[in-house]
1. What residue, among those in the range 132-156 that are closer than 28 Å to residue 272 by Cα and hydrophobic (A, V, I, L, M, F, W, C), is farthest from the chain's Cα centre (by Cα)?
2. Could you please let me know if residue 391 is surrounded by 15 or more Cβ atoms within 10 Å (Cβ to Cβ), more than 30 Å from residue 130 (Cβ to Cβ) and of a type in the set (Lys, Arg)?
3. Please find, among 76, 140, 118, the residue that is modelled with pLDDT of 95 or more and assigned to a helix (DSSP H, G or I).
4. Can you pull out the residues in the range 352-372 that are assigned to a loop (DSSP other than H, G, I, E, B) and over 12 Å from residue 319 (Cα atoms)?
5. In the range 104-143, which residues are more than 22 Å from residue 269 (Cβ to Cβ) and of a type in the set (D, E, K, R)?
6. Are there any pairs with C-beta distances below 9 angstrom linking a residue in the range 428-440 that is farther than 18 Å from residue 378 by Cβ to a residue that is surrounded by fewer than 20 Cβ atoms within 10 Å (Cβ to Cβ) and among the charged types (D, E, K, R), with the two at least 6 apart or on different chains, and if so which?
7. Being buried (at least 20 other Cβ atoms within 10 Å of the Cβ) and either at pLDDT below 95 or in a loop (DSSP other than H, G, I, E, B) (or both) is the filter here, so list the residues in the range 248-280 that pass it.
8. Any residue at all in the range 366-389 that is out of contact with any His (no Cβ under 8 Å at 6 or more places or on another chain), among the aromatic types (Phe, Trp, Tyr) and either at pLDDT 95 or above or closer than 21 Å to residue 112 by Cα (or both)?
Amino acid sequence: MVSLNLQDAVPPSRSATVPFTADIAEPRRDPDWSPASWQQRVALQQPRYADRQAMEQALEELARQPALVMAEEVVQLKQALARAQEGKLFLLQGGDCAERFEDCTGAAIHTRLEHMEQMGLLLTHGLRRPIIRVGRLAGQYAKPRSADSECIDGVELPVYRGDIVNGHRFEASAREPDPQRMLQAHARSALTLNLARALMRKGFADLYQPSRWAFDWLRQSPRADAQERLLGSLREALQLLEALRQEGGGSEPSAHLHISHEALLLPYEQALTHYVPSHHGWFNLSTHFPWIGVRTADLEGAHVEYLRGIENPIAVKVGPATGRDQLLRLIERLNPDDEPGRLTLITRMGAQAIGNALPALIDAVRREGRRVLWVCDPMHGNTCSLGNGYKTRYFEHILAELEQAAELHAAHGSHLGGVHLEMSGEAVTECLGGAGNLTEADLPRNYRSSVDPRLNREQSLELALRLAQKFA
């Protein structure tokens, strides 16, 4: 065992000990793996904490906190993802680019969940398949960045890495990484998840009353007639559900929401990883479904080393530069037993690159007979920066990548099993286009994201409609 060393992205000394790792037992996957074995690898995208002792004290306290999820819930999600691999279910994974501490409010959480439910109903009706709802929620507080610092007006400060690490304000005090923020992130994740579970048990009665669905914006869409027909069919189905609900005494249909986040800040992930004897393995109990991005998917890197040993279903982002051999080695490292539901590949190619990049990867995985769930992230490959300083995405580019993904999988004997979106249930103005025809002039009106632009409520619902029509 070794102590944490986040001063540099290099393996630390082997001489110290990790005081906060608990529940030591033989892991089922590999006796050479432990929750701390990632520390022997190069760990990219980690902050540099000035006070090492304060960091280790925070991690000791974090390891004593209650688990956010149960191992049984993790297993349930893995089983559902295995069915999605077979084409029987469809994954909707979505939410904020990066959660903010200030947005941990009852109203904001309710809006996010209601939005996920609406998206799920639209996709269920259009795809004729049950939807697995997985929120980028209750833990999506860390973000990878392309540089360690940023400079404004000659002042250079550490880059903002998400509220779990530092503050967004461009001030020296805010940008200093603070280990106490890991405890704050855990507390807010627990509050978010507690309310989310209560809302899911209670149900969203408004969703089953079609008159309350506001789709006035749809009239501006060039495909309004076809989309209105689909919505009309959905409204009829919802009216039937509402009648059955009333007849049954007002009970709501049960629904499950699982949570996910990028497993970026490895000390946080390690502190919340525990051995569960009843399931004979190590579980990350901070989330149901951790993933890693393109920047941290190095086969010999710390993030892959950490992910390979936990029992959670896991996902890896795959970009246009990912080679066939690289991908197959990654699959072998992360899922050597070809376990159903274990591994999801989230492609993020960009509308211009997906046609050339994706087919070879699909064919390579099919030839090897590996079981994976293919999911399309049409957001990250379509990001651009404008002359006015705003980072944005065009709705039509997002839609184009998603539609191409569905077509390419079908053409190569595979199937698209899910979609991964950065989206908001609010009327943000961060992505351009859509039925509302947002332009560059609209961006300053309600641009609230601290990192990447999100689809707003209207744009994401329109995307769900278009996807449903694609599969219809």
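1. Among residues in the range 132-156 that are closer than 28 Å to residue 272 by Cα and hydrophobic (A, V, I, L, M, F, W, C), the one farthest from the chain's Cα centre (by Cα) is 147.
2. Against the criterion (surrounded by 15 or more Cβ atoms within 10 Å (Cβ to Cβ), more than 30 Å from residue 130 (Cβ to Cβ) and of a type in the set (Lys, Arg)), residue 391 qualifies.
3. 76
4. Once the filter is applied, which keeps residues that are assigned to a loop (DSSP other than H, G, I, E, B) and over 12 Å from residue 319 (Cα atoms), the range 352-372 yields 352, 369, 370, 371, 372.
5. The answer is 112, 114, 117, 128, 129, 133.
6. As it stands, the answer is 429/442; 429/445; 429/448; 436/442, since those pairs meet every condition given.
7. Hits for the range 248-280 are 257, 263, 264, 265, 272.
8. No: the range 366-389 contains no residue that is out of contact with any His (no Cβ under 8 Å at 6 or more places or on another chain), among the aromatic types (Phe, Trp, Tyr) and either at pLDDT 95 or above or closer than 21 Å to residue 112 by Cα (or both).
The values are calculated or read from the model by the stated rules, or taken from the named source; none is laboratory data. It should be emphasised that the depicted structure is a prediction, and the values quoted were computed from it without experimental measurement. FYI the Cβ positions are ideal-geometry reconstructions off the backbone, even for glycines, and counts take in every protein chain you see.
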